[in-house]
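We did not get these values from a lab; they are worked out from the coordinates using the rules stated. Small disclaimer: the values here were computed from a predicted structure and weren't measured. Reconstructed Cβ throughout: ideal geometry from the backbone, glycine too, with neighbour counts over all protein chains shown.
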Amino acid sequence: MSEAPSTPAAADAAGAVPRVLSGIQPTADSFHLGNYLGALRQWVSMQDTHDAYYCVVDLHAITIEHDPATLRRRTKVAVAQLLAMGLDPDRATVFVQSQVPEHAELAWVLSCLTGFGEAGRMTQFKDKSSKQGTGGTTVGLFTYPILQAADILLYSPEPGEGEGRALRVPVGEDQRQHLELTRTLAQRFNHRFGETFVLPEAHIPPGAAKITDLQEPDAKMSKSASSPQGIIDVLEEPGPMRKKIMRAVTDTGSEVVYDEEKKAGVTNLLRIYSALEGTSVADLERRYEGAGYGQFKKDLAQLVLDTFTPIRERTLKLLDDEARLDRVLAHGAGRASEVAARTMDVVRDRVGFVGRGS
Ligand code: TYM
């Protein structure tokens, strides 16, 4: 592992390399197909064109009740999957959020700029807290989006880092509102304390931004809400994976056509197929004209298996070498800390905290 990141291939018009930052929670034993198509695939491709920072957000994972040993294991499994998908620790900074304490520190400052009502309007909070009831809902869940804003803004490129400095955040559709809040908080901070943060841009993939549950095609595929039959795990064994796709809810009729309202199930499968193969939905509709759902699902199952089997095998191998994973994380935390520490120095000064040396 080299010390310095190699220079990303593409710089923007002003000569600055745009930066990318994103995060994923270690709250399940495997990532799922929605995570992969909505976000992780973009993480991998963007490491070649951006100065990339990707974190496993374990601080976010404790906003719901958790078991310490499970969290530790899932964090390692998460990192192994990211590497197995193609993240290269020489090209991208891969790290664990709790190893860079500035995330929590900036979250505190930003929480003091966030209105109570503003945080209460976050739809993910409203959904989760209404399911859990007030007794089961923590203050941490309420302030979750503010910690996410801190994750992002800590990696805001400095003014000296190029005129066209950009900060892109690859995420699925469900994160749009959190990104809007992040932009609002960045603007508010800049307005109150002077130009500090760039406004981050959500990078939401057209077509695969909301993969839905295979059994409830109107609901998002989600580790917390989907039944095991509705969710495809990246680390799933081939047999069950194939079965789940063959049993995915389709609709009455037999035509493979895209229709969000009348054929939500087939439409979801078409989106998955199109994103995985890189073929347009129109071409797929033509290919399967008159073929029926069976053949379509069989081919899709094969495509999903071909995509995830090598990732599963590489993940299992990586998990056999924990010392290597720990080295990757130590290296990533070191690199992330350099940027985070610089940002926090500026933030502390602007907010009016007395510096240690002054
Ligand atoms: P998490 O772990 O819930 O989701 C990780 C990523 O997967 C995307 N995603 C989906 N995309 C398409 N279809 C789906 N069914 C689907 N389900 C999940 C999510 O949009 C996300 O991009 N709050 C973040 C974690 C986070 C973060 C950050 C993200 C914390 N700090 C800073 C970006 C930047 C989340 O939802 O993670």
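Numbers for the structure displayed
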{"quantity": "The stretch 277-358: GluC sites (Glu not before Pro) falling in loop per DSSP and having at most 13 other Cβ within 10 Å", "calculated": "E289"}
{"quantity": "Estimated 222 nm signal from helices in the chain, with DSSP H stretches of n ≥ 4 weighted -39500 (n - 2.57), rounded to 500", "calculated": "-16000 deg cm²/dmol"}
{"quantity": "For the stretch 141-154, Karplus couplings with θ = phi - 60° (6.51, -1.76, 1.60), whole Hz, Gly/Pro x", "calculated": "5, 5, 8, 3, x, 6, 5, 5, 4, 5, 3, 6, 6, 4"}
{"quantity": "Size of charge dipole - the stretch 248-300 - debye, nearest 20, with Cβ of Lys, Arg +1 and Asp, Glu -1, no other charges", "calculated": "160 debye"}
{"quantity": "Residues of type aspartates and glutamates that K223 reaches as a straight line, Cα spacing below 16 Å, ignoring anything fewer than 8 places off in the same chain", "calculated": "D29, D58, E65, D127, E173, D174, D213, D233, E236"}
{"quantity": "Debye-sum result for the chain in log10 I(q)/I(0), which assumes one identical scatterer on each alpha carbon, at q = 0.06 Å⁻¹", "calculated": "-0.23"}
{"quantity": "Antiparallel DSSP beta bridges within the chain, as percent of all bridges there, nearest 5", "calculated": "15 percent"}
{"quantity": "Distance (nanometres) between label positions extended 7 Å along Cα→Cβ at W108 and A282", "calculated": "5.6 nm"}
{"quantity": "Flagged links, alpha-carbon separation over 22 Å, of K210/K317; K76/K317; K76/K297", "calculated": "K210/K317; K76/K297"}
{"quantity": "Nearest-ten-degree value, helix 176-193 long axis tilted from longest Cα axis of the chain", "calculated": "10 degrees"}
{"quantity": "Under-5 Å amide H pairs with Y53, H placed in peptide plane, nonlocal only", "calculated": "V20, L21, S22, T93"}
{"quantity": "Over 20 Å [Cα-Cα, the stretch 294-358], rounded percent", "calculated": "63 percent"}
{"quantity": "Convex hull per residue volume in Å³, alpha carbons only, for the stretch 229-337", "calculated": "135 Å³"}
{"quantity": "Using a Förster distance of 35 Å, the FRET efficiency for D90-E261 (Cβ separation, nearest 0.05)", "calculated": "0.15"}
{"quantity": "Top positive-direction residue, dipole computed over the chain with Cβ charges, set G292, L154, A264", "calculated": "A264"}
